[in-house]
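The values are calculated or read from the model by the stated rules, or taken from the named source; none is laboratory data. In this text the structure is predicted, and so the values were computed from the model without any measurement. Here the Cβ positions follow ideal geometry from the backbone for every residue, glycine too, while neighbour counts run over all protein chains shown. Each accessible area value is taken on the protein alone, full model and side chains, heavy atoms only, with ligands, DNA and RNA left out. Shrake-Rupley method; radii C 1.70, N 1.55, O 1.52, S 1.80 Å.
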Amino acid sequence: MIPTSSEILNKNAGAVRVASVNVNGIRAAYRRNMADWIAARDVDILCLQEVRAPDKILRELVGEGWHILHAEAKDKGRAGVAILSRAEPVAVREHIGDEYFAESGRWVEADFTMADGSTLCVVSAYVHSGELNTPKQEDKYRFLQRMTEHLPVLKSTKDHVLVVGDLNVVHTERDIKNWKPNHNKRAGVLDEEIAYFNGFFGEQIGYMDVARTLAGDEQGPYTWWSWRGQAFVNNAGWRIDYHMATPELTAKAIKAHVDRASEYALRFSDHAPLVVDYQF
């Protein structure tokens with residue numbers, strides 16, 4: 001049984017709770033009691049990355065009570081993103097708009113009508129992990145460039161936009177425990193990748209990092225720890241999972257919480273869910 005985090009027990013009336021987590025394989029996560037976590041969290045919109053399973057399996061595991069939008073990867077056992085919601089979306093789009101990534105299982109969008117009548121566009125995204133000096137890294141840069149082109153379009157056509165998921169880049173030194181051994185030596189901590197995030201959160205594109213905005217100038221909180229060694233026990237993590245929102249939506253964020261398991265044995269993924277309440 002996964003204990004309920006005290007940080008998440010209280011949810012304000014009218015708040016929309018959005019959670020995002022890279023499940024590192026939905027079947028494995030459910031074997032590790034992910035269902036108990038879902039049952040205890042009162043989430044309205046749940047975004048998943050690395051589903052790595054056919055749509056039929058996802059629906060069987062999740063069960064009734066959810067509207068499910070799932071973009072599978074063409075390559076079996078790879079990637080896959082989903083948006084699970086209690087309310088039915090009014091529109092959906094199944095990839096980022098570049099045919100090169102149409103069957104990659106890395107981007108899915110759903111529009112929802114909020115209580116105030118505004119439209120919220122939610123994106124579940126899984127950016128490539130990449131690998132220095134390989135074609136995998138080139139694909140990562142191509143995807144980040146496509147995000148640079150697509151994010152302003154969403155921002156200009158929707159009342160609110162929320163891009164969540166495993167974006168596989170640490171933005172600053174505050175977002176990784178061991179900066180110096182990794183900086184410009186490993187994918188995810190390269191200046192060229194970080195430059196894209198400077199753009200996402202800069203004046204020209206104009207999105208905001210919700211968790212960082214609420215946490216302030218502190219180290220972490222991290223969202224990923226290797227399964228290996230003592231990374232989790234020593235909190236030697238990376239903050240690579242984001243809620244990236246338009247400014248008006250960020251202003252509605254009232255609390256953010258990295259739902260880190262209380263002990264190693266209770267983890268259902270190598271990522272922890274990032275949970276944010278937005279007050280409409």
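Any residue in the stretch 43-56 that is outside any loop (DSSP other than H, G, I, E, B) and farther than 24 Å from Ala256 by Cβ? Please lay out each step first, then the result.
Kept after step one, since they are outside any loop (DSSP other than H, G, I, E, B), are these residues of the stretch 43-56: 45-49, 55-56.
Those still in the list that are farther than 24 Å from Ala256 by Cβ too: 55-56.
Taking every residue of the stretch 43-56 in turn, at least one turns out to be outside any loop (DSSP other than H, G, I, E, B) and farther than 24 Å from Ala256 by Cβ.
Of these, Ala19, Ala29, which one is more than 26 Å from Val153 (Cβ to Cβ), surrounded by 16 or more Cβ atoms within 10 Å (Cβ to Cβ) and of a type in the set (Gly, Ala, Ser)?
Values: Ala19 fails: more than 26 Å from Val153 (Cβ to Cβ).
Answer to the check: Ala29.
Can you list the strands (runs of 3 or more DSSP E) lying wholly within the stretch 61-113 that have 2 or more residues being open to solvent by 60 Å² or more (accessible area, probe 1.4 Å) and closer than 25 Å to Asp139 by Cβ?
Strands (runs of 3 or more DSSP E) meeting the threshold: 91-93.
Please find, among Lys140, Lys177, Lys155, the residue that is surrounded by 15 or more Cβ atoms within 10 Å (Cβ to Cβ), touching a residue at least 40 places away in the same chain (Cβ under 8 Å) and in contact with a strand residue (DSSP E or B) (Cβ under 7 Å, 6 or more places away or on another chain).
On the way: Lys140 fails: in contact with a strand residue (DSSP E or B) (Cβ under 7 Å, 6 or more places away or on another chain); Lys177 fails: in contact with a strand residue (DSSP E or B) (Cβ under 7 Å, 6 or more places away or on another chain).
None of the others qualify; the one that does is Lys155.
Examine the stretch 18-34 for a residue that is free of Cβ contacts under 8 Å to residues at least 40 places away in the same chain, over 28 Å from Ser226 (Cβ atoms) and not aliphatic (A, V, I, L, M), and state whether such a residue exists.
Taking every residue of the stretch 18-34 in turn, none turns out to be free of Cβ contacts under 8 Å to residues at least 40 places away in the same chain, over 28 Å from Ser226 (Cβ atoms) and not aliphatic (A, V, I, L, M).
Being at negative phi and in contact with a Leu (Cβ under 9 Å, 6 or more places away or on another chain), is that true of even one residue in the stretch 99-107?
The answer is no, given that none of the residues of the stretch 99-107 is at negative phi and in contact with a Leu (Cβ under 9 Å, 6 or more places away or on another chain).
May I ask you to list the residues in the stretch 155-184 that are more than 23 Å from Val108 (Cα to Cα) and assigned to a helix (DSSP H, G or I)?
Of everything in the stretch 155-184, those that are more than 23 Å from Val108 (Cα to Cα) and assigned to a helix (DSSP H, G or I) turn out to be Glu173, Arg174, Asp175, Trp179, Lys180, Pro181, Asn182.
Need at least 1 residues that are in contact with a strand residue (DSSP E or B) (Cβ under 7 Å, 6 or more places away or on another chain), among the hydrophobic types (A, V, I, L, M, F, W, C) and surrounded by fewer than 19 Cβ atoms within 10 Å (Cβ to Cβ) per element, so show me which strands (runs of 3 or more DSSP E) inside the stretch 185-280 make the cut, counting only ones lying wholly within it.
Qualifying strands (runs of 3 or more DSSP E): 253-258.
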